[in-house]
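The values are calculated or read from the model by the stated rules, or taken from the named source; none is laboratory data. All values reported here derive from a predicted model rather than from experimental measurement. Glycine also receives a Cβ, built like all others from the backbone with ideal geometry; neighbour counts cover every protein chain displayed.
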Amino acid sequence: MSMRMRRKRNFDARMDACGDLLLAKGANGILNMKEAAETFRALVDFEKAFGNHQPVVLEIGCGKGGFVMELAVREPNVNYLALEKMSNVILTPMEEVKKRGIGNIRFLNIRAECLPCYIPEKSLSAIYLNFSTPLPKLGYATQRLTHRNFLNVYKKLLKTGGKIVQKTDDREFFEFSLQEYEACGFAVENVTYDLHENGNPAWNIVTEYERKWVECGSPIHRVEAVWNGDV
Ligand SMILES: C[S@@+](CC[C@H](N)C(=O)[O-])C[C@H]1O[C@@H](n2cnc3c(N)ncnc32)[C@H](O)[C@@H]1O
């Protein structure tokens, strides 16, 4: 089979059937934030999208969405935005949310680079980065989702006191991220290099990638980076 993922059967019709859950799509060719900002200006109206004033939390790179669905069920008084660049991938959690009737999740089928075009400033309570693609530091550092270029955007989107919660199995990427948080003025809290040391904590929701790495015996690293500043 080729490296390209095959499109799911009846893809367009199935996407359309979940269309009410999708707040934004496209911008696949857009690779940097400057270009995105010049091309789009389509800020999402959260009250209209969710029909209430609940706090809003974002997951970047939701994949199959097991994490965000579990969290949304545990926390019905919070609204969740699940962002994923691959339309073929995001269809799975969209269909599942529809099937299960989970009311507090909406989807963004865009690249993280386009976030400032869609998310109003000072609107998010938290951002989850679960097993973001580590990408090699050499040559790709600026595309890492914890590079300071991204952190400086997240700062604007977060409310004061809002936080980034990151999990990864990649030690080098984790240490790079810790340095970036500190360089950008985040308060780094609750750092662990082995989240599953004594088994999975009851509060922790295991993601698809996390399960895979835990089964391989890789320690899971986790950090909360709190934004107390003002931009
Ligand atoms: C390694 S997977 C992790 C999936 C899931 N969060 C988990 O923990 O099981 C990373 C996901 O992030 C998505 N992704 C990577 N870079 C992205 C970007 N710049 N914007 C949006 N999504 C991205 C990928 O398509 C992929 O689905």
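Numbers below:
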read-out	value
Subset of region 48-91 that is surrounded by fewer than 17 Cβ atoms within 10 Å (Cβ to Cβ) and outside any loop (DSSP other than H, G, I, E, B) - its residue that is farthest from the ligand (Cβ to nearest atom)	Lys48
Scope region 195-204; condition touching a residue at least 24 places away in the same chain (Cβ under 8 Å) and either outside any loop (DSSP other than H, G, I, E, B) or under 20 Å from Thr133 (Cβ atoms) (or both); matching residues	Leu195
Close pairs from region 66-89: first closer than 19 Å to Lys8 by Cβ and in contact (Cβ under 8 Å) with a residue 40 or more places away in the chain, partner part of a helix (DSSP H, G or I) and within 9 Å of the ligand (Cβ to nearest atom), Cβ under 7 Å, at least 6 apart	Gly66/Glu208
Tabulated pairs, region 207-218, first within 13 Å of the ligand (Cβ to nearest atom), second assigned to a helix (DSSP H, G or I), C-beta under 7 angstrom, 6+ apart or interchain	Thr207/Gly66; Thr207/Phe67; Glu208/Gly66
Candidate set from region 219-230 (those that are within 14 Å of the ligand (Cβ to nearest atom) and not in a loop (DSSP other than H, G, I, E, B)); member that is farthest from the chain's Cα centre (by Cα)	His221
Odd one out for Ala187 among (1) in contact with a strand residue (DSSP E or B) (Cβ under 7 Å, 6 or more places away or on another chain); (2) within 23 Å of Leu115 (Cα to Cα); (3) crowded, with 17+ Cβ neighbours inside 10 Å	(3)
Residues of region 161-189 classified as in contact (Cβ under 8 Å) with a residue 12 or more places away in the chain, assigned to a helix (DSSP H, G or I) and among the polar types (S, T, N, Q), total	1
Members of region 114-149 that are within 9 Å of the ligand (Cβ to nearest atom), over 12 Å from the mean Cα position of the chain (by Cα), under 24 Å from Val223 (Cβ atoms) and assigned to a helix (DSSP H, G or I)	Gln143
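Okay, residues lined up against (1) at pLDDT below 95; (2) under 20 Å from the mean Cα position of the chain (by Cα); (3) over 19 Å from Cys216 (Cβ atoms):
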site: Lys155; (1), (2), (3): no, yes, yes
site: Leu158; (1), (2), (3): no, yes, yes
site: Gly161; (1), (2), (3): no, yes, yes
site: Gln166; (1), (2), (3): no, yes, yes
site: Gly185; (1), (2), (3): no, no, yes
site: Gly199; (1), (2), (3): no, no, no
